[in-house]
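Please read the structure below before turning to the comments.
The values are calculated or read from the model by the stated rules, or taken from the named source; none is laboratory data. These numbers were taken from a predicted model, which means no experiment stands behind them. Cβ coordinates were reconstructed from backbone atoms using ideal geometry, including for glycine residues, and neighbour counts include every protein chain displayed.
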Ligand SMILES: Cc1cc2nc3c(=O)[nH]c(=O)nc-3n(C[C@H](O)[C@H](O)[C@H](O)COP(=O)(O)O)c2cc1C
């Protein structure tokens, strides 16, 4: 589930929330999963991965991750990202282009304190995306961290939130006979220019 906090009242946000509710009502599984593509400028490669979108706070879309992970260094060197969502329950794809940055430490702290001990133990014990001898080693690090944790453990500085603010949205809704509807909102200065694309 995504938490909406003081959601922006502009058109693409209202449209998103209404589609989200429709997909939720139709029982969409994994509704918070979004694909984030970023640019690796060392290898000149684009890389994509799913993350769980936790909040939309006004116009900031927020997820959490490891600040030492490959995606983190990619966001650092190239802050433009592409986001992709597909909700099969309503046959809808949402594409976004956005700029990404870290959330405030306070926001990350608050979210971290609201998570389960197990989730936090994993966040602390994992050197995300680094190679390790075996899966047993992963489990060992996790269990050792979990056992050593007190209830009020502080958020490690290598883990926290990312916030992206879209400047482009495309809502694609599939219809019979391929009469698919493609509705674009693109930010121009402080306005959203709206147009339709051919399928
Ligand atoms: C549905 C789904 C949700 C995920 N959510 C997150 C997430 O919220 N944060 C995260 O760091 N990784 C998440 N992952 C794992 C990432 O896809 C990825 O494996 C990991 O972040 C390492 O990515 P990187 O090497 O590009 O930095 C999720 C994976 C899936 C399949």
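Just a few scattered comments:
- Sole exception among (1) within 16 Å of the ligand (Cβ to nearest atom); (2) under 12 Å from the mean Cα position of the chain (by Cα) for residue 130, by number: (2)
- Residue in segment 90-105 that is in a helix (DSSP H, G or I) and either in contact with a strand residue (DSSP E or B) (Cβ under 9 Å, 6 or more places away or on another chain) or surrounded by 14 or more Cβ atoms within 10 Å (Cβ to Cβ) (or both) present: yes
- Given (1) loosely packed, with under 15 Cβ neighbours inside 10 Å; (2) in contact (Cβ under 8 Å) with a residue 12 or more places away in the chain; (3) more than 16 Å from the ligand (Cβ to nearest atom), index of the condition residue 180 fails: (1)
- Filtered residues of segment 41-78 (kept if more than 9 Å from the ligand (Cβ to nearest atom) and assigned to a strand (DSSP E or B)): 45, 46, 55, 56, 57, 60, 61, 62
- Those residues of segment 79-89 which are in a strand (DSSP E or B) and either touching a residue at least 60 places away in the same chain (Cβ under 8 Å) or within 11 Å of the chain's Cα centre (by Cα) (or both), in sequence order: 81, 82, 83, 84, 85, 87
- Filter result for residue 5 (in contact with a strand residue (DSSP E or B) (Cβ under 7 Å, 6 or more places away or on another chain) and either within 14 Å of the ligand (Cβ to nearest atom) or closer than 22 Å to residue 170 by Cα (or both)): no
- Segment 111-127, residues that are within 20 Å of the chain's Cα centre (by Cα) and either exposed (fewer than 13 other Cβ atoms within 10 Å of the Cβ) or outside any helix (DSSP H, G or I) (or both): 113, 114, 115, 116, 119, 126, 127
- Pairs with Cβ under 8 Å, 6+ apart, first in segment 21-39 and in a loop (DSSP other than H, G, I, E, B), second near the ligand (Cβ under 9 Å from one of its atoms) and at pLDDT 95 or above: 32/52; 32/53; 32/54
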